[in-house]
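The values are calculated or read from the model by the stated rules, or taken from the named source; none is laboratory data. Because the structure is predicted, anything quoted here is derived from the model rather than measured. All Cβ positions, even for glycine, are placed from backbone atoms using ideal geometry, and neighbour counts span all protein chains on display.
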Amino acid sequence: MKAVHTARKLPNDGVRNGWYESLPPPDAPRRVSSTITADWAVLGAGACGLAAARRLGELRPDDTVAVVDAMRVGYGNSGRNAGFMLSHHSHGGIKHLDVARQADRLFGCGYTYLRETVEAHQIRCDWSDQGQIYVSASREGDAHLDAVADGFDALAVPQNRLDQNELQAITGSRFYTAGVHVKGAALVQPAAMMRGLGATLPANVTLFEDSPVTELHTDGGMRLVCPDGEIVAKQLILTNHVFAEEMGFKRHRVVPLGLFASLTRALTAGERRHVGSGEQFGLLPASPNGSTVRLTVDGRILMRNTFTYARDKRFSDDLIENAAANHRTSIAKRWPALDGVDLAATWGGIMAMTRNEGRVFGEIAPGLHIVLTTDAAPMTRGTACGKLMAEKLCGIESEELRFAEMIPEAAILPPDPLLRFVANHRLNKIERTEPAER
Ligand SMILES: Cc1cc2nc3c(=O)[nH]c(=O)nc-3n(C[C@H](O)[C@H](O)[C@H](O)COP(=O)(O)OP(=O)(O)OC[C@H]3O[C@@H](n4cnc5c(N)ncnc54)[C@H](O)[C@@H]3O)c2cc1C
């Protein structure tokens, strides 16, 4: 392995995040502005990184932990998602029941750790154990929904079927033909949750923000070089998601999938009468071409659809405008009376997909470890894997850790341009099929 790893690309702080924008301005960040020494370093303060740092701090109160991010906590992917913290998930078509059960245990493990932390520190993030409702809007979508329900049956997760009238009572829309409600997931304001998690780390954990790591030296300990200083640590956990490959780690293991979301402005009292009882809800699509939809506590609609292959890790204005147009159409299809309602913000973010629902979790070299959350329910799965990595490094065995390690390693993918071609082909196909679901 090389001794010096240069970051070829850094996270792009030019992209908006509607959740983050609705929070009060943050306190000034603590930056890496000198040489910091720590027992442990964690690179990346998303769901994986904050869980790993918190757990290390809890388990090793006499050690020091430095967690560093290029941006403000809550601004990255973990604070720009749809806010579903899933304790169970099914997308149908379970291939290996044992693997699906193990993944389900990891979702539950991450959910519980997040819930306990949010409760213990009274983190204000609109946490609500609302559960998730999978929905369909056409015959093809209904078939996907049956597969989702079969998946939950196989996992022995209780579920409740909803018909069109029941969905209309919840959402105010007759767009949806059928649904499956599963209890146990939380809906949150993700940027608020992440900011709260960053602000309540144990005393021996120090968070550094606005400090991009441009170079990593791995000979004789770990040295993380930032523009105005560096962190020197004995051990490092990489939790920088798809940017790990930009430093040369775990290349060709994940497909960076660009997802887009919009939040409307707060609906007026008159407008809210069109979206059900006024109580918040969270809908997950059964069809791959469907939309994730929420009504938030503060009366805004979140719409998420549209995909891109995001190897560039940048979202042009054209991509954002195209996504916003799709989101406006999807809102009008569900609630014709809300056609033209203003979108307060539209943004993109990245999710990592593997070919085999595999894992990126383990040791890369002595003192250097990686946790990258992938595929289904990545927020809770990533939280679990960050926590379990810290436990592994502190010698704590558990059934969940065994499960995390039993999941097969993420299968190798072809390089670009072949992967770009295949990914674009698949994404175009998804966007062409079942348009009624979007
Ligand atoms: C629109 C959208 C909706 C989604 N909805 C959901 C959902 O409802 N539920 C769910 O479970 N998942 C959802 N996801 C996926 C989920 O948000 C991500 O999979 C998850 O946040 C990844 O967490 P992470 O900790 O691995 O990475 P990240 O949150 O990306 O954290 C990695 C951090 O590393 C930092 N970093 C990278 N490189 C460097 C460097 N060189 N120097 C310093 N810092 C660096 C980044 O700034 C970043 O903050 C959604 C994603 C999107 C985009």
* Conditions (1) touching a Gly at 6+ places or on another chain (Cβ under 9 Å); (2) in the same structural domain as SER291 (by TED's automatic domain parsing); (3) not hydrophobic (A, V, I, L, M, F, W, C): number failed by ARG139 -> (1)
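So for segment 334-351 (the condition being within 30 Å of VAL65 (Cα to Cα) and of a type outside the set (Gly, Ala, Ser)), does at least one residue qualify?
Yes, segment 334-351 contains a residue that is within 30 Å of VAL65 (Cα to Cα) and of a type outside the set (Gly, Ala, Ser).
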* Structure fact -> How many residues of segment 61-81 are within 19 Å of ARG124 (Cβ to Cβ) and either touching a strand residue (DSSP E or B) at 6+ places or on another chain (Cβ under 8 Å) or part of a loop (DSSP other than H, G, I, E, B) (or both)? The answer is 6
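Of all residues in segment 337-375 being part of a strand (DSSP E or B) and among the charged types (D, E, K, R), which is farthest from VAL293 (Cα to Cα)?
GLU363
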* Asked: Out of (1) at pLDDT below 95; (2) surrounded by fewer than 16 Cβ atoms within 10 Å (Cβ to Cβ); (3) within 19 Å of THR346 (Cβ to Cβ), what's the single condition that is false for PHE315?
  -> (2)
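Suppose we keep only residues that are in a loop (DSSP other than H, G, I, E, B) and either within 21 Å of THR37 (Cβ to Cβ) or modelled with pLDDT under 95 (or both) within segment 229-249. Which one would you say is farthest from the ligand (Cβ to nearest atom)? Before the answer, list the steps.
First, the residues of segment 229-249 that are in a loop (DSSP other than H, G, I, E, B): 239-240, 244, 248-249.
Checking the rest, the ones that are also either within 21 Å of THR37 (Cβ to Cβ) or modelled with pLDDT under 95 (or both) come to 239-240.
On the way: THR239: 6, ASN240: 3 Å.
Among those that are in a loop (DSSP other than H, G, I, E, B) and either within 21 Å of THR37 (Cβ to Cβ) or modelled with pLDDT under 95 (or both), it is THR239.
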* To do: Would you mind finding the one in ARG402, ARG381, ARG420 that is closer than 30 Å to GLY179 by Cα and charged (D, E, K, R)?
  => ARG381
* Structure fact -> Within segment 203-228, residues being surrounded by 16 or more Cβ atoms within 10 Å (Cβ to Cβ) and away from the ligand (no atom under 15 Å from the Cβ) number 2
* Can you tell me which of THR296, THR306, THR292 is within 15 Å of the ligand (Cβ to nearest atom), in contact with a Phe, Trp or Tyr (Cβ under 6 Å, 6 or more places away or on another chain) and of a type in the set (Val, Ile, Thr)? -> THR306
* **Scan of segment 218-231 for residues that are in contact with a Leu (Cβ under 8 Å, 6 or more places away or on another chain) and not hydroxyl-bearing (Ser, Thr, Tyr), ordered by number** => MET222, ARG223, LEU224, VAL225, GLU230, ILE231
* Asked: Is segment 33-52 home to any residue that is closer than 18 Å to MET194 by Cβ, surrounded by fewer than 24 Cβ atoms within 10 Å (Cβ to Cβ) and at pLDDT 95 or above?
  -> no
* In segment 383-413, the residues that are away from the ligand (no atom under 16 Å from the Cβ) and of a type in the set (Ser, Thr, Tyr) -> SER398
* Among the residues of segment 291-305, which ones are in contact with a Leu (Cβ under 7 Å, 6 or more places away or on another chain), assigned to a strand (DSSP E or B) and either crowded, with 24+ Cβ neighbours inside 10 Å or not hydroxyl-bearing (Ser, Thr, Tyr) (or both)? -> VAL293, ARG294, ILE301, LEU302, ARG304
* Asked: Hey, among the residues in segment 28-60 that are part of a strand (DSSP E or B) and more than 12 Å from the ligand (Cβ to nearest atom), which one's nearest to ASN77 (Cα to Cα)?
  -> TRP40
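With the condition kept exactly as written, say whether any residue in segment 154-161 is among the β-branched types (Val, Ile, Thr) and not assigned by TED's automatic domain parsing to the domain that holds ALA53.
Looking for residues that are among the β-branched types (Val, Ile, Thr) and not assigned by TED's automatic domain parsing to the domain that holds ALA53, one finds at least one in segment 154-161, hence yes.
Inside segment 353-404, can you point out the residues that are among the small types (Gly, Ala, Ser) and within 20 Å of SER90 (Cβ to Cβ)?
Of everything in segment 353-404, those that are among the small types (Gly, Ala, Ser) and within 20 Å of SER90 (Cβ to Cβ) turn out to be GLY358, ALA376, ALA377, GLY382, ALA384, ALA404.
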* **Counted residues, segment 158-181 - those being in a strand (DSSP E or B) and in contact with a Phe, Trp or Tyr (Cβ under 7 Å, 6 or more places away or on another chain)** => 2
* Quick one: in segment 124-148, of everything that is surrounded by fewer than 20 Cβ atoms within 10 Å (Cβ to Cβ) and among the hydrophobic types (A, V, I, L, M, F, W, C), which residue is farthest from the chain's Cα centre (by Cα)? => ALA143
* Determine which member of the set ALA390, ALA384, ALA352, ALA332 is surrounded by fewer than 22 Cβ atoms within 10 Å (Cβ to Cβ) and at pLDDT 95 or above. => ALA332
* Asked: When you go through LEU97, LEU162 one by one, which is the residue that is surrounded by fewer than 17 Cβ atoms within 10 Å (Cβ to Cβ) and either closer than 30 Å to GLU434 by Cα or within 15 Å of the ligand (Cβ to nearest atom) (or both)?
  -> LEU97
* **Among the candidates ARG16, ARG8, residue that is over 21 Å from VAL118 (Cα atoms), near the ligand (Cβ under 10 Å from one of its atoms) and either at pLDDT 95 or above or not polar (S, T, N, Q) (or both)** => ARG8
* Structure fact -> Over segment 336-382, the set of residues acidic (Asp, Glu) and within 7 Å of the ligand (Cβ to nearest atom) is none
